[in-house]
Amino acid sequence: MNRSLFAAALSTLALMATGAVCAQTFPSRSIRVIVPFAAGGAADNMARIASERVAQALGQSIAIENLTGAGGNVGALQVARAEPNGYTLMATIDSVLTINPHVTPKMPFDAIEDFEPLIKLVDVPLYLAAHRSFPGKTLPEAIAAAKSKPGQYAIGSSGQGSPHHIAIELLNRSAGVQFAHVPYRGAAQSLADLGGGHIPLAMGAYTALRQFVESGAVVILATTGPARTQALPNVPSIAETVPGYSVTSWLGFLAPAKTPRPVLEKLAAEYAAALRLPEVAERLKKGGMDPAPVALNEFGKLLRADHARMGKIVRDAAITLN
């Protein structure tokens with residue numbers, strides 16, 4: 001073995017030893033979890049519910065910090081720039097890393113290279129819902145109505161370039177229809193207009209739709225995921241009518257790039273263990289989330305695949321933030 005190879009081998013062994021020691025003593029102080037969205041949203045709720053148990057298991061506090069702006073990019077940038085030691089994590093919805101890079105002209109970070117995937121904890125299904133006055137109480141009836149009057153029936157979304165918007169565009173392309181897209185400044189506004197009958201259809205999460213469904217103002221037609229959800233097993237998936245259709249958001253934790261592997265493994269194991277607790281899983285389900293853990297390398301593969309898939313949808317549909 002020549003000197004350069006020997007030196008490289010020693011360097012690798014030193015890094016491995018340092019990482020192992022780091023994992024043994026980690027954490028020795030509080031962990032900071034940045035949520036790039038406002039308190040009370042799905043990402044915030046997931047982070048708080050899961051981190052409560054992880055903090056107990058690790059014997060250190062976990063502080064949740066909501067750092068909003070630019071569709072999640074502001075908070076994500078802070079995590080990307082943080083010291084890669086396991087003490088700063090991000091809890092986010094997938095769109096920050098899978099959609100934003102394709103619709104934001106100048107991304108301040110690299111969605112793939114600047115983060116270490118820790119664990120995806122849950123899927124967050126979206127639902128297509130209709131006001132009771134809409135001439136269709138099932139997805140096939142809604143598609144038939146759209147085909148009979150192209151562009152007349154609008155679907156509200158949480159905003160331009162949002163997962164809701166992606167779901168609408170993919171439905172148009174996959175089903176060969178033309179629903180108009182009406183972007184709002186957040187899901188709350190679009191669903192309020194749906195409940196009031198100001199728009200005929202909207203995409204939204206069940207937690208936000210529930211009050212309008214229970215009042216009888218709104219009917220849920222289908223879920224956007226590849227299969228029926230744990231929360232609403234009687235609601236069909238769009239894929240049952242439009243084969244191959246699938247748009248599902250996920251929520252998970254990531255760390256800055258170059259965080260030591262043993263630290264990542266320790267954190268991923270603790271969050272996975274928390275998710276296996278019945279009370280944690282039940283609280284997440286009540287929040288409209290389906291537990292579906294995927295950790296470390298497999299999470300990384302999922303992130304890269306979703307990044308590529310969303311990029312194609314954005315390009316094909318010519319979606320921009322304007």
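The values are calculated or read from the model by the stated rules, or taken from the named source; none is laboratory data. If you're wondering where the values come from, they're calculated on a predicted model, not measured in any experiment. Don't worry about glycine lacking a Cβ; one is built from the backbone with ideal geometry, like all the others, and counts go over all protein chains shown.
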> Considering only residues of the stretch 43-54 that are surrounded by fewer than 21 Cβ atoms within 10 Å (Cβ to Cβ) and within 16 Å of the chain's Cα centre (by Cα), which is farthest from residue 278 (Cα to Cα)?
Replying inline: 44
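Residues are listed down the side, and each one gets a yes or a no for (1) acidic (Asp, Glu); (2) touching a strand residue (DSSP E or B) at 6+ places or on another chain (Cβ under 8 Å); (3) in contact (Cβ under 8 Å) with a residue 60 or more places away in the chain:
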{"residue": "98", "(1), (2), (3)": "no, no, yes"}
{"residue": "116", "(1), (2), (3)": "yes, yes, yes"}
{"residue": "130", "(1), (2), (3)": "no, yes, yes"}
{"residue": "141", "(1), (2), (3)": "yes, no, no"}
{"residue": "148", "(1), (2), (3)": "no, no, no"}
{"residue": "174", "(1), (2), (3)": "no, no, yes"}
{"residue": "177", "(1), (2), (3)": "no, no, no"}
{"residue": "195", "(1), (2), (3)": "no, yes, yes"}
{"residue": "204", "(1), (2), (3)": "no, yes, yes"}
> Is it the case that the stretch 72-88 has a residue that's on the phi > 0 side of the Ramachandran plot and assigned to a helix (DSSP H, G or I)?
Replying inline: yes
>> Just the residues that are within 23 Å of residue 27 (Cα to Cα) and either at pLDDT below 95 or aromatic (Phe, Trp, Tyr) (or both), please, taken from the stretch 270-298.
In response: 271
>> Suppose the filter is of a type in the set (Val, Ile, Thr) and surrounded by fewer than 23 Cβ atoms within 10 Å (Cβ to Cβ); does residue 207 pass it?
In response: yes
> On the given criteria, is residue 296 surrounded by 20 or more Cβ atoms within 10 Å (Cβ to Cβ) and under 21 Å from residue 33 (Cα atoms)?
Replying inline: no
> Name the residues in the stretch 235-250 that are assigned to a loop (DSSP other than H, G, I, E, B) and touching a residue at least 40 places away in the same chain (Cβ under 8 Å), would you?
Replying inline: 235, 236, 241, 242, 244, 245, 247, 248
> Here are some residues: 241, 229. Which one is among the hydroxyl-bearing types (Ser, Thr, Tyr) and within 27 Å of residue 51 (Cα to Cα)?
Replying inline: 229
> Here are some residues: 281, 255. Which one is in contact with a helix residue (DSSP H, G or I) (Cβ under 7 Å, 6 or more places away or on another chain) and assigned to a helix (DSSP H, G or I)?
Replying inline: 281
> What residue, among those in the stretch 257-270 that are closer than 18 Å to residue 91 by Cβ and in contact with a Gly (Cβ under 9 Å, 6 or more places away or on another chain), is surrounded by the fewest Cβ atoms within 10 Å (Cβ to Cβ)?
Replying inline: 266
> Which residues, taken from the stretch 115-151, are buried (at least 20 other Cβ atoms within 10 Å of the Cβ), assigned to a loop (DSSP other than H, G, I, E, B) and in contact with a Pro (Cβ under 9 Å, 6 or more places away or on another chain)?
Replying inline: 126, 134
> If you check 159, 71, which single one turns out to be assigned by TED's automatic domain parsing to the domain that holds residue 33, of a type outside the set (Asp, Glu) and out of contact with any Leu (no Cβ under 6 Å at 6 or more places or on another chain)?
Replying inline: 71
